[in-house]
Every structure is written in C-alpha cells, then in structure tokens.
Amino acid sequence: MTTNSPTEKPWADTPLAMIPTPVFVTKKHDMFTSGASHMCMVHNSILRGYNSIYHQAPHVAEADKADFIGYCLTWHKFLKSHADNEDTSLFVEMEKLLEDGAIFEESHKEHDAFMPGIAKFQEYLSSLGSPGEFSGVKLLEIMTAFQEPFEIHMRSEITTIANLAGHERAPVVGSAKEKSTQSTFDAREGKKLLMSGATDVMPFFLFNFDSSYEDGLWANWPPIPAPVRWGLINVAKFWHPGWWKFASCDAARRTIPLYAVPDSK
Ligand SMILES: [Fe+2]
C-alpha cells in the first residue's frame, strides 16, 4: 500500500509490500512485540532498498552505472550482515534467554532458501569488467529468482519473533528482567547495525526509512542523537556522493521519487 507516494511513478513500496509492525497492529509493548517491530522497520528498509533497485535497474544511465552498482552492493551488504548477525548472535541469544533451541529452526531454513540467490546478486555485480557491462535486465532476472523466498522470510520472521511473547519462559511483561533484557538486546542490535557499515550500510538503512510510515509512529526511531545522525548522513555523502540519489527517501527520511524511473506520461 502506498502511504505517501510522492508521484504517479512506481515507488519503493512495490513490488514487495511493506510489513505492518506488530506494535502498530496489536498496540502491545512487551519486549517481543517491540523487538519484532524494530526488526520489522529494518526489514522494511531492506524491502524499500530491494524495490528501489527493482524499479531503477532497467533505467540507469551509462554515467550513473558505477554509482548504481555501489548502491546495489550496499543493499547486499546490508541484507547479508543482517542475516549473518541473526544466525550467529540474535537468534542464539534469544534461544539462550528462552532455553529453547527450536524457536528459529524455520528462520534458519528460510535464510538457506534465499541466500544462494543473494550470493548470485553480489557475484554478478562484483564480476563486471566495467560499469558499462551492467545490465538491468540481467540483474532483474537474478532478483526475481530469489524474490519469493526472500519476501516470505522477511514477513514470517516478524511473526516468529512477535509470537515469542507467548513462550512459557518469556520474561514477565513489565518486570525488571524484561526491561533489562530488552535494553541489552536493543543496545547490542543497534551497535551491530552501526558496526556493519557506518559509511554504507547504516546510511542505506536511513536513506530507505520512511519516517511517515504508520502515521509517523517510528519518526524518532532508532534513538540516534541528532548530531550523530547528521554526521552519519554527511560522512556517507562525502564517501559515496553518487549512491544515495537512488534511495527511496532523503536525508530527512522523507519519501522522494525514484531518481532513475522516468516520469509517467
Ligand atoms: Fe531479520
């Protein structure tokens, strides 16, 4: 659903639709509903990134191809580091907390179903002899091959995490244990996201974050102090000045038309 698509041109909320956050849907605020909602906002940024690439790939001008390739490879780095962190850290910590090694069995299988396709995406872009060899048709062929298992996973993982609120060993809602566990998880995940790339992955996340989503419920999330946010955006613009024009949002996280998509007649 287009919430505030700025023009009649296709925008980054198709072909993969955004995922509603469990907090918005249920109005609950236990640690798993909140955690799943934060994960959901990261997933939605990854989905907007996918959609922005999908719509622009066939229209990239010769002069912009090198920058578009950089933008696409950053999307890959974002998704790969996100999935790797889940497999090696987040899921492991949640399994320990709930003393249950089975809760993410499906999520691991889902990762395995689309990660080979994601690897092909990266291999294709990294193996080009020159930016001029880039073919949007070829990239779309690779993307559509993993689109379905990718989308299924991005949605189902949110439900899986939100449903852990009903786990028999979930911390009691409102308890000191719940609060301290939640802040430990939030701090660790925030740090992991920043560490996955302060000059590429983190800005990619911010440049594909629609602050008006769900009536602006997430406008102040994540809680990055304004000067730090300003620094991240400007350092990213300095290091990669040509990449961010392909993003779905501007530096203030407002939706913008997709740069390379021609105006509809
Ligand atoms: Fe995830």
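Table for the structure above
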{"quantity": "Sorted by Cβ neighbour density within 10 Å, fewest at the top, the residues CYS72, CYS40", "calculated": "CYS72, CYS40"}
{"quantity": "Inter-label distance for GLU141 and LEU194, nm, one decimal - labels placed 7 Å from Cα along Cα-to-Cβ", "calculated": "4.3 nm"}
{"quantity": "Computed Rg/Rh of the chain, alpha carbon atoms with Kirkwood Rh", "calculated": "0.97"}
{"quantity": "Contour minus Cα-Cα distance for THR14 and ALA102 (0.36 nm per residue)", "calculated": "28.4 nm"}
{"quantity": "The range 56-175: relative contact order as a whole-number percent, Cα under 8 Å and 6+ apart", "calculated": "38 percent"}
{"quantity": "Distance in nm between pseudo-label sites at LEU217 and ASN234 (7 Å out along the Cβ direction from Cα)", "calculated": "3.4 nm"}
{"quantity": "Rg/Rg_globular for the range 177-226, with Rg_globular taken as 2.2 N^0.38 Å and Rg from C-alpha atoms", "calculated": "1.29"}
{"quantity": "Cα long-axis angle, helix 176-195 against the chain (0 to 90 degrees, to the nearest 10)", "calculated": "20 degrees"}
{"quantity": "Chain lengthening between HIS29 and VAL173 when straightened (0.36 nm per residue, less Cα-Cα)", "calculated": "51.0 nm"}
{"quantity": "Helical contribution to [θ] at 222 nm, DSSP H n ≥ 4, -39,500 (n - 2.57), averaged over the chain, rounded to 500", "calculated": "-19500 deg cm²/dmol"}
{"quantity": "Formal net charge of residues neighbouring ARG229 (Cβ-Cβ distance under 15 Å; K, R +1; D, E -1)", "calculated": "+2"}
{"quantity": "The chain: angle of helix 31-56 to the longest principal axis, Cα-based, in degrees nearest 10", "calculated": "10 degrees"}
{"quantity": "Exposure proxy ranking, count of Cβ atoms within 10 Å, fewest first, for TRP75, TRP230, TRP243", "calculated": "TRP230, TRP243, TRP75"}
{"quantity": "Sorted by Cβ neighbour density within 10 Å, fewest at the top, the residues ASP263, ASP84", "calculated": "ASP263, ASP84"}
{"quantity": "Relative contact order computed over the chain (Cα-Cα under 8 Å; 6+ residues apart), in percent", "calculated": "33 percent"}
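Taken together, the values in this text are just the output of simple stated rules run on the coordinates, not laboratory data. These figures come from a predicted structure and were not determined experimentally. So basically every Cβ, Gly included, is an ideal-geometry build from the backbone, and we count neighbours across all protein chains shown.
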